[in-house]
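Worksheet: one structure, shown below.
The values are calculated or read from the model by the stated rules, or taken from the named source; none is laboratory data. Being a predicted model, the structure only gives us computed values, none of them experimental. All Cβ positions, even for glycine, are placed from backbone atoms using ideal geometry, and neighbour counts span all protein chains on display. Surface accessibility is based on the protein's heavy atoms, side chains included, excluding ligands, DNA and RNA. Shrake-Rupley method; radii C 1.70, N 1.55, O 1.52, S 1.80 Å.
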Amino acid sequence: ILVFNVNFYNYKTMSKLKKNLIIVAIIIFGSFVVWAIYPSNHKVIQPISYSHKIHIEKADLKCIDCHLHYEQTSSATLPLLEVCTNCHGEEPISKSPEELKLIDHIKNGKEILWQRIYTLPDHIYFSHRRHIILGKVECVDCHGNVEEQSQPITMPAIKLTMNNCMNCHRKHKATNDCLACHY
């Protein structure tokens, strides 16, 4: 551990190298703190308290019914209002106050601003298609037991860390070559 004895009264007289070392140490420490806290402990609040469990059990929906194209494209989509209107109209089909919020969105033609749970840095390439079709990875492997969730998901089921990804690649006998995922 580096310990810097910084006397800010003498900051002007410090060597440029020492000033740069202090700045670099602060940036590294700050980056570590941000990495350690966000997004793994970042809870997302959804605009509507959506129950995956009810939609799966009562409406017999599958992931692909709402999260379109996840088998064909690199990213899954967050459901558009159009997807909700396939089952819901301007009249409620339940007594849920959350459905009333949905109906308000439908009546006003206002998209629901669902919040993304999983995010990756820009230098990482992730393809749902590659994982689902080619890798035969199940949704539950990354997203947990979503079909049992009666409350909105607020955090990732697993941390998207390099170690977790590499362990999964080993388990599924996929490449751990850096260039397979990193730009």
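Here Gln151 fulfils each of the conditions (1) within 24 Å of Ser49 (Cα to Cα); (2) in a helix (DSSP H, G or I); (3) open to solvent by 60 Å² or more (accessible area, probe 1.4 Å); (4) touching a Phe, Trp or Tyr at 6+ places or on another chain (Cβ under 9 Å) apart from (2). Return the pair list, or none, for Cβ contacts closer than 8 Å from residues in the stretch 145-162 that are closer than 19 Å to Lys58 by Cβ to residues that are assigned to a helix (DSSP H, G or I) and basic (Lys, Arg), at least 6 apart or on different chains. Matching pairs, first to second residue: Glu147/Lys53; Glu148/Lys53; Gln149/Lys53; Ser150/Lys53.
Does the stretch 154-168 contain at least one residue that is under 18 Å from the mean Cα position of the chain (by Cα) and of a type in the set (Gly, Ala, Ser)? Yes, the stretch 154-168 contains at least one residue that is under 18 Å from the mean Cα position of the chain (by Cα) and of a type in the set (Gly, Ala, Ser). Comparison of Ser74, Ser127, Ser94, Ser51 shows that the only residue that is among the hydroxyl-bearing types (Ser, Thr, Tyr), out of contact with any His (no Cβ under 7 Å at 6 or more places or on another chain) and closer than 30 Å to His182 by Cβ is Ser127.
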